[in-house]
1. Run down Ala231, Ala196 and say which single residue is closer than 23 Å to His286 by Cα and among the small types (Gly, Ala, Ser).
2. Return the only residue of Arg237, Arg190 being touching a residue at least 12 places away in the same chain (Cβ under 8 Å) and out of contact with any Gly (no Cβ under 9 Å at 6 or more places or on another chain).
3. Scan the strands (runs of 3 or more DSSP E) fully inside the stretch 92-191 and keep the ones with 1 or more residues being among the hydrophobic types (A, V, I, L, M, F, W, C) and either at pLDDT 95 or above or under 21 Å from Asp213 (Cβ atoms) (or both).
4. Where the second residue is of a type in the set (Phe, Trp, Tyr) and the first is on the phi > 0 side of the Ramachandran plot and lies in the stretch 199-224, which pairs have Cβ atoms under 9 Å and are six or more apart or on separate chains?
5. Could you run through the stretch 168-188 and say how many residues are open to solvent by less than 10 Å² (accessible area, probe 1.4 Å) and more than 16 Å from Gln223 (Cα to Cα)?
6. Any residue at all in the stretch 250-257 that is out of contact with any helix residue (DSSP H, G or I) (no Cβ under 7 Å at 6 or more places or on another chain) and either within 23 Å of Tyr117 (Cβ to Cβ) or not small (Gly, Ala, Ser) (or both)?
7. When the residues of the stretch 106-151 are filtered to those that are farther than 20 Å from Ala201 by Cβ and over 15 Å from the mean Cα position of the chain (by Cα), which remaining residue is most open to solvent (accessible area, probe 1.4 Å)?
Amino acid sequence: MTRNLRPSSRYAARSAPLVVAALLLLTGCSTGIPGADGHPSTPPHAGTPAASSAPSGSSSPFPSPSSASHAPSASAPLPPAASSPAEGVGRWRPRPGTAWQWQLNTRVDPSVDVPVYDIDGFENTAADVARLHRDGRKVICYINVGAWESFRPDSGAFPAAVRGGTNGWEGERWLDIRRIDVLEPLMAKRFDMCRAKGFDAVEPDLVDGYSNDTGFPLKAGHQLAYNRMIARLAHERGMSVGLKNDLAQIPALVDVFDFAVNEECAQYDECDQYRPFVQARKAVLHVEYAVPNKEFCAESRRLGLSSMSKNLKLDVWRGPC
């Protein structure tokens, strides 16, 4: 099974139709994931990238898509950094078993009664985050750190030299994570945006490029250095950070990251590999797309994971364990 065919936190509405079809064939799943009533949910539909929903005058340091050629504005001074990533001074950390919502398709719907929301950092505003905070939620900022996305307002800031092969999703190309000198300031500005909007944490996506065909000769050591840099950027801004997939490097990174986000560890019989996070009292936020709840929820509860079913399009629907 080629791991780069997994959804990897993509909006299915942005995916190429052939990729979704290939994923369904490889996983052997039906047209949808069973919903709460036992019937398949609406299957995902392919399409083009949605425009950012952030209104003009929002707190984001990035320009609107119509002015993407301009450089992002300067960010405010950073808060004092924690003395070390392991200490987690002043940072929120979700605990094992914490219920959560993961909605990356369109602007957030705040109606789901869970304590943690994981939403797109670009497509949601400071007002959206503040609304969730008023409802007592903690909010995680989804940001792609492993691939260039043509539809983001800062896409023009990424030199062509760091854009590699396609990752199978429309408008996206793997990044050359060896070029920390180029990518660190770009990711720092994205994390500044998350902080300026009031997010509590960051979910950096595609932090396992070294195990995929990126067009660059990436090694495990390159990925470790890059992922540690990403964690440091979040911690310097007072936010916690989650390790997305990258199971092989959990032993080396569990002390650096504050929680984990996983897709389909039950389908691939890998959930046991998250024991180090749970033993460290760090949540593992876990979703399955094709496996019905009755086949993985009991094991998820035993392991202490925060598990649910989701549609591939990552809309409002969720099927919690």
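The values are calculated or read from the model by the stated rules, or taken from the named source; none is laboratory data. These numbers come from a predicted model, not from an experiment. Heads up, the Cβs are rebuilt from the backbone with ideal geometry, glycines too, and the neighbour counts pull from every protein chain shown. Quick note on the areas: whole protein, heavy atoms, side chains included, nothing else; ligands and nucleic acids left out. Shrake-Rupley method; radii C 1.70, N 1.55, O 1.52, S 1.80 Å.
1. Within the list Ala231, Ala196, the selection yields Ala231.
2. Working: Arg190 fails: out of contact with any Gly (no Cβ under 9 Å at 6 or more places or on another chain).
Residue meeting the stated conditions: Arg237.
3. Working: elements: 100-103, 116-120, 138-144, 147-149, 163-166, 172-175.
So the answer is 100-103, 116-120, 138-144, 147-149, 172-175.
4. Final answer for the pair search is Leu206/Trp174; Gly215/Trp174.
5. Number satisfying all stated conditions: 1.
6. Start the filter on the stretch 250-257 by keeping residues that are out of contact with any helix residue (DSSP H, G or I) (no Cβ under 7 Å at 6 or more places or on another chain), which leaves 255.
Now restrict to residues that are either within 23 Å of Tyr117 (Cβ to Cβ) or not small (Gly, Ala, Ser) (or both): 255.
Checked against the condition, which is being out of contact with any helix residue (DSSP H, G or I) (no Cβ under 7 Å at 6 or more places or on another chain) and either within 23 Å of Tyr117 (Cβ to Cβ) or not small (Gly, Ala, Ser) (or both), the stretch 250-257 yields at least one hit.
7. Here is the first cut: in the stretch 106-151, the residues farther than 20 Å from Ala201 by Cβ are 106, 111, 147-151.
Filter again for over 15 Å from the mean Cα position of the chain (by Cα), leaving 111, 150-151.
Numbers: Ser111: 86, Ser150: 54, Phe151: 37 Å².
Only one residue tops the list, namely Ser111.
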